[in-house]
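A.B. asks: Structure provided below as structure tokens; questions to follow.
The values are calculated or read from the model by the stated rules, or taken from the named source; none is laboratory data. Just so it is clear, the structure is predicted and the values come from calculations on it, not from any experiment. Heads up, the Cβs are rebuilt from the backbone with ideal geometry, glycines too, and the neighbour counts pull from every protein chain shown.
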């Protein structure tokens, strides 16, 4: 079985209240969704569920009526679960076709599409963009399982491999980071232009989730996505960084720093002539992720300090501005995306957001459910139920619009005949 990345982010560079107008815009985002029954069964008490969109979306997430039962032994310890899922979860075999997208600053990202979908799927099939976590890419097990589930439902899927991740080329002396949204904007625009009749959705994990939620908040009223899901999002990167240096988490920190250094050294020639505040030796020999970010990331993206970078790159700052239907799923015992960093109040105040917190799960683990321990994470059916509900709402709104248009046309013809 292939090893999956931990997908984390205290903001990395490499791998890696609301105005009345905003309130109106958020509410209008759901105007086309089908109504749900208030008599639907409620979620199981083992789950914490809150958010401004709780009453709207909870009834359609039928799997939440069952208790969250972590797999015996593996699910009893957050570190065991995190490591088990990373190393031993199965990785589905899916053939992918790579497209390298040149960005406006001459950088590059890699988009991996499922082979054959261009011939087999209609141009208006719903499309989901997958954003892996730290050092993550198309080969990660959690990405492959989600990809396979969406594909089985007739959805088009593309994996967004950030600069240097998943074998994506590095062509300029700049990687990606928790603060940088340029590549995300270009990918969404590119995919939307290629499939203009398709509804676009996105699912992000860890660092990918942080970038996704920041994108939703920044784009706000102009967002081209019809819905999104955030998984294991560190949200508050200052808090995430604090916890990253405690206890067993130091093991993750040192391992990730080592991996960052190895990847950085492969592209060191690009950084030979960098001047200013860059500390290339510190980045190349970093013992912690924080050191790497201090030597390279925060300088590359214009921040005065690492703390300034973490504070201003936190997606917890963006929740209040999200105008797109958003499902957030977290694990209470996540060692890398701390429970105390979740912006619960802002999620409760935003009528577009729903938060689910499981009592166990570790980081990108969720070894529970029918496919445990080696199969898909517990989250996958919930994610797909949410996305399919949004798509049904879009389809019904489109059908209704067409019927109204046809009715108006027939009225016009009738008048003309008379």
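A.B. asks: Looking at 122, 92, 72 in this structure, which one is assigned to a loop (DSSP other than H, G, I, E, B) and touching a helix residue (DSSP H, G or I) at 6+ places or on another chain (Cβ under 6 Å)?
C.D. replies: Result of the check over 122, 92, 72: 92.
A.B. asks: Moving to a separate point now. Please indicate, with yes or no, whether at least one residue in the stretch 31-39 is modelled with pLDDT of 95 or more, more than 18 Å from residue 380 (Cα to Cα) and loosely packed, with under 12 Cβ neighbours inside 10 Å.
C.D. replies: Checking the stretch 31-39: not a single residue is modelled with pLDDT of 95 or more, more than 18 Å from residue 380 (Cα to Cα) and loosely packed, with under 12 Cβ neighbours inside 10 Å.
A.B. asks: On the basis of being surrounded by fewer than 19 Cβ atoms within 10 Å (Cβ to Cβ) and either within 26 Å of residue 184 (Cβ to Cβ) or at pLDDT 95 or above (or both), does residue 18 make the cut?
C.D. replies: yes
A.B. asks: Please work out if residue 157 is modelled with pLDDT of 95 or more, surrounded by fewer than 22 Cβ atoms within 10 Å (Cβ to Cβ) and touching a helix residue (DSSP H, G or I) at 6+ places or on another chain (Cβ under 6 Å).
C.D. replies: Judged against the criteria, residue 157 is not a match.
A.B. asks: Within the stretch 186-199, can one find any residue that is within 29 Å of residue 373 (Cα to Cα) and at pLDDT 95 or above?
C.D. replies: Scanning the stretch 186-199, I find no residue that is within 29 Å of residue 373 (Cα to Cα) and at pLDDT 95 or above, so the answer is no.
A.B. asks: Check the stretch 135-142 and report whether any residue there is assigned to a strand (DSSP E or B), in contact with a strand residue (DSSP E or B) (Cβ under 9 Å, 6 or more places away or on another chain) and buried (at least 24 other Cβ atoms within 10 Å of the Cβ).
C.D. replies: no
A.B. asks: Is it fair to say residue 206 is crowded, with 24+ Cβ neighbours inside 10 Å, under 24 Å from residue 267 (Cβ atoms) and out of contact with any strand residue (DSSP E or B) (no Cβ under 9 Å at 6 or more places or on another chain)?
C.D. replies: Considered against the rule, which asks whether it is crowded, with 24+ Cβ neighbours inside 10 Å, under 24 Å from residue 267 (Cβ atoms) and out of contact with any strand residue (DSSP E or B) (no Cβ under 9 Å at 6 or more places or on another chain), residue 206 comes out as no.
A.B. asks: Can you name the number of the only condition in (1) buried (at least 17 other Cβ atoms within 10 Å of the Cβ); (2) more than 30 Å from residue 248 (Cα to Cα); (3) modelled with pLDDT of 95 or more that residue 93 fails?
C.D. replies: Unmet for residue 93, out of (1) buried (at least 17 other Cβ atoms within 10 Å of the Cβ); (2) more than 30 Å from residue 248 (Cα to Cα); (3) modelled with pLDDT of 95 or more: (1).
A.B. asks: Quick check on the stretch 184-195. Is at least one of its residues closer than 24 Å to residue 380 by Cβ and in contact with a helix residue (DSSP H, G or I) (Cβ under 7 Å, 6 or more places away or on another chain)?
C.D. replies: Yes - at least one qualifying residue is present in the stretch 184-195.
A.B. asks: Run down 362, 369 and say which single residue is touching a strand residue (DSSP E or B) at 6+ places or on another chain (Cβ under 7 Å) and at positive phi.
C.D. replies: Criteria check complete, one pass: 362.
A.B. asks: Under 7 Å by Cβ, and 6 or more places apart or on different chains, what pairs join a residue from the stretch 126-150 that is at positive phi and at pLDDT below 95 with one that is crowded, with 24+ Cβ neighbours inside 10 Å and not in a helix (DSSP H, G or I)?
C.D. replies: If the second residue must be crowded, with 24+ Cβ neighbours inside 10 Å and not in a helix (DSSP H, G or I), the pairs left are 135/5; 135/15; 135/16; 135/165.
A.B. asks: Within the stretch 212-228, can you find the residues that are surrounded by fewer than 24 Cβ atoms within 10 Å (Cβ to Cβ) and in a helix (DSSP H, G or I)?
C.D. replies: Scanning the stretch 212-228 gives 217, 218, 219, 220, 221, 222.
A.B. asks: Let me ask something else about it. Whether any residue in the stretch 290-300 is buried (at least 18 other Cβ atoms within 10 Å of the Cβ), closer than 21 Å to residue 339 by Cβ and at pLDDT below 95 is what I want to check.
C.D. replies: Looking through the stretch 290-300, none of the residues is buried (at least 18 other Cβ atoms within 10 Å of the Cβ), closer than 21 Å to residue 339 by Cβ and at pLDDT below 95.
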